[in-house]
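The values are calculated or read from the model by the stated rules, or taken from the named source; none is laboratory data. Predicted model only: the values in this text are computed from it and were never measured. Cβ: placed from backbone, ideal geometry, glycine included. Neighbour counts: every protein chain shown. Quick note on the areas: whole protein, heavy atoms, side chains included, nothing else; ligands and nucleic acids left out. Shrake-Rupley method; radii C 1.70, N 1.55, O 1.52, S 1.80 Å.
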Amino acid sequence: MLSLNLPTYPVKVTYKAGKQLIFDPVRLKYVALTPEEWVRQHFVNYLVTEKGFPKELIANEVCLKLNGMSRRCDTIVYDCFFNPFGYFGI
């Protein structure tokens, strides 16, 4: 996969029905390994290991309303009251 300017970590990759899957520790399931997912998993790992955000306060592939319009966020970090602390990739 792509070389990133993020810390490496031991990814869990498997194959199912001829497709490569990567384990998402936030969603607790294997998802299709695409270049976008590769970056997302490394970025979430960076937030957890380097920046100290608890993975329980992070969500991937979330829909939310902004100005009355539905938008999809790649990753949202919540505060302790489950309000969006920051969101990335709208």
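Measuring with a 1.4 Å probe in the full set of protein chains, what accessible area per residue, in whole Å², belongs to the chain?
67
Given a cut-off of 27 Å, name the pairs among Lys12/Lys65; Lys12/Lys55; Lys16/Lys51 whose C-alpha atoms lie farther apart than that in the structure shown.
Too far apart for the 27 Å limit: Lys12/Lys65; Lys16/Lys51.
Along its three principal axes, how long is the chain when you only count alpha carbons? Whole Å, largest extent first please.
Rounded to whole Å, the extents work out to 40, 28, 23 Å.
Which sequence of Ser3, Ser70 reflects their accessible areas, 1.4 Å probe, from the largest down?
Largest to smallest exposure gives the sequence Ser3, Ser70.
Carbon and sulfur: what percent of region 9-90's accessible surface (1.4 Å probe)?
Carbon plus sulfur share of accessible area: 59 percent.
Within the chain, what's the longest stretch lacking chymotrypsin sites (Phe, Trp or Tyr not before Pro) that sit in DSSP loops with no more than 15 other Cβ atoms inside 10 Å?
Of all site-free stretches, the longest is 1-80.
GNM on the chain, C-alpha springs below 10 Å: top fluctuator among Pro35, Pro54, Pro25?
Pro35
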